[in-house]
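The values are calculated or read from the model by the stated rules, or taken from the named source; none is laboratory data. Keep in mind it's a predicted model, so treat the numbers as computed, not measured. Note: ideal-geometry Cβ built from the backbone for every residue, glycine included; neighbour counts use all protein chains shown.
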Amino acid sequence: MKKENQLTPLEKWERLTFADNFIFCKVLNDNVDICKELLELLLEIKIEKIELPSAEYSLKTDFHSRGVRFDVYVKDGGGRSFDIEIQTAHATSLAKRARYYQGLMDVDSVHTGMDYSKLKESYVIFLCMGDAFGKKLPRYTFRYICEEDGGLQMNDGTVNIFFNARMYDKMETEGLRSFFRFLCGMKPTSDFTDRLSALVERTKLSAQWRHSYMTWEQEMKYQARELAQELAPEIARDMAEDMAKDMAEDMAKDMAEDMAKDMAEGIAKDMAEGMAKDMAEGMAKDMLENVVQDTVRKRDRDTALNLLRLNVITIEQIAQVTGLSVGEVKELNGAL
């Protein structure tokens, strides 16, 4: 079976599931009833109606601020806001992302002259294919509470929820268990997942969406390649310098102490101290140079391996980025 990075855009399209960002957004954007039903299932609340979902809704407060693109952003009839994010890859900054999303959602909800008391509840929901916090819980729900009194909530209306899809068997209801099994690639086992599955297949039969996906896929690869070319040399250099410095300092210190001790026991104190100092400094300098060279070399190879796995730039470009020869990069590629 081909690896993911070896598939053509058409082959990738044929393998897409509801867990893929593109399909996830298209299905929920085009089917407001399904989006509403999913929110009710995830939050265990009743929603009278929701506005037409905005797939990959972009929001930016001003020219200098960092913009974001929500996967699915909707509001209900009472003004509550909901952002649903599908997270298939491992990420270490989901908590900070949730914080930033909440702030932007508030800006989007508050109009000029509006009192803050008019702010409605806002939910940021991450559907993660892994465990975001490592506690093996099927769901993590966060609301602000008082540290001094754990029973006192701030009641600011913000709720951040992170689902751990792989823990589907531990979900509270059969509806949630069925949905997250489906999200993990298993067959639909409920009326809701049956309908989701049918919508996924209908979307994949659309020539328009297939063309849009291939265009989007190429744009993502182009952006990834540009980013890799821009960041790889800087990341490799910084990591190599930090590692080499720490390793060299520790090794030089240990060797200097051991040599000074051994020599002091065999010769006069003054000679031992002088000779040990000179030898330790010389060896430490040589050791530092060797460690720096070895560490930079290893980091260049690790960087090349990571870029080969991403499959976004050519072997010749990887050689230019890392300083390795084309032959060495080809050898690494053959070992994958």
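Filter region 105-162 down to the residues that are hydroxyl-bearing (Ser, Thr, Tyr) and outside any helix (DSSP H, G or I), then identify the one that is farthest from residue 85 (Cα to Cα). I'd like the intermediate steps shown before the answer.
Taking region 105-162 and keeping what is hydroxyl-bearing (Ser, Thr, Tyr), we get 109, 112, 116-117, 122-123, 140-141, 144, 158.
Cutting the leftovers down to outside any helix (DSSP H, G or I) gives us 112, 122-123, 140-141, 144, 158.
On the way: 112: 28, 122: 14, 123: 11, 140: 15, 141: 15, 144: 21, 158: 16 Å.
Taking the candidates together, the pick is 112.
For region 163-201, enumerate the residues that are over 19 Å from residue 36 (Cα atoms) and among the hydrophobic types (A, V, I, L, M, F, W, C).
165, 167, 171, 184, 186
Return the total of residues in region 324-333 being under 28 Å from the mean Cα position of the chain (by Cα) and modelled with pLDDT of 80 or more.
Total meeting the criteria: 1.
Results for (1) under 28 Å from the mean Cα position of the chain (by Cα); (2) modelled with pLDDT of 70 or more, shown as yes or no for each residue.
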| site | (1), (2) |
| --- | --- |
| 177 | yes, yes |
| 198 | no, yes |
| 212 | yes, yes |
| 232 | yes, no |
| 238 | yes, no |
| 243 | yes, no |
| 252 | no, no |
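Taking the stated definitions as given, is residue 99 modelled with pLDDT under 95 and assigned by TED's automatic domain parsing to the domain that holds residue 75? Talk me through it step by step, then tell me what you get.
Working: modelled with pLDDT under 95: yes; assigned by TED's automatic domain parsing to the domain that holds residue 75: yes.
Yes; evaluated as a whole, the condition is true for this residue.
Only one residue in 56, 4, 48, 14 is of a type outside the set (Val, Ile, Thr), out of contact with any Gly (no Cβ under 6 Å at 6 or more places or on another chain) and at pLDDT 75 or above, so which one is that?
On the way: 56 fails: at pLDDT 75 or above; 4 fails: at pLDDT 75 or above; 48 fails: out of contact with any Gly (no Cβ under 6 Å at 6 or more places or on another chain).
Answer to the check: 14.
Among the residues of region 179-196, write down those that are within 25 Å of the chain's Cα centre (by Cα), surrounded by fewer than 18 Cβ atoms within 10 Å (Cβ to Cβ) and touching a residue at least 12 places away in the same chain (Cβ under 8 Å).
Step one: list which residues in region 179-196 are within 25 Å of the chain's Cα centre (by Cα), which gives 179-186.
From what's left, surrounded by fewer than 18 Cβ atoms within 10 Å (Cβ to Cβ): 184-186.
Within region 179-196, 184, 185 meet the criteria.
How many residues are touching a residue at least 12 places away in the same chain (Cβ under 8 Å) and either within 25 Å of residue 104 (Cβ to Cβ) or surrounded by 18 or more Cβ atoms within 10 Å (Cβ to Cβ) (or both) if we restrict to region 137-154? Lay out the reasoning, then the answer.
Quick first cut of region 137-154, residues touching a residue at least 12 places away in the same chain (Cβ under 8 Å) only: 137-144.
Okay, now just the ones that are also either within 25 Å of residue 104 (Cβ to Cβ) or surrounded by 18 or more Cβ atoms within 10 Å (Cβ to Cβ) (or both), so 138-144.
Total meeting the criteria: 7.
Is there any pair with a first residue in region 247-262 that is on the phi < 0 side of the Ramachandran plot and a second that is polar (S, T, N, Q) and modelled with pLDDT under 70 whose Cβ atoms are under 9 Å apart and which are 6 or more apart or on different chains, and what are they?
Pairs that qualify, where the first residue is on the phi < 0 side of the Ramachandran plot and the partner is polar (S, T, N, Q) and modelled with pLDDT under 70, are 247/295; 248/290; 248/295.
Residues of region 163-186 being of a type outside the set (A, V, I, L, M, F, W, C), closer than 13 Å to residue 18 by Cα and not in a helix (DSSP H, G or I), which ones? Step through it out loud before you land on a result.
Within region 163-186, the first condition is being of a type outside the set (A, V, I, L, M, F, W, C), and the residues that meet it are 164, 166, 168-170, 172-175, 177-178, 181, 185.
Now restrict to residues that are closer than 13 Å to residue 18 by Cα: 181, 185.
Selection gives 185 alone.
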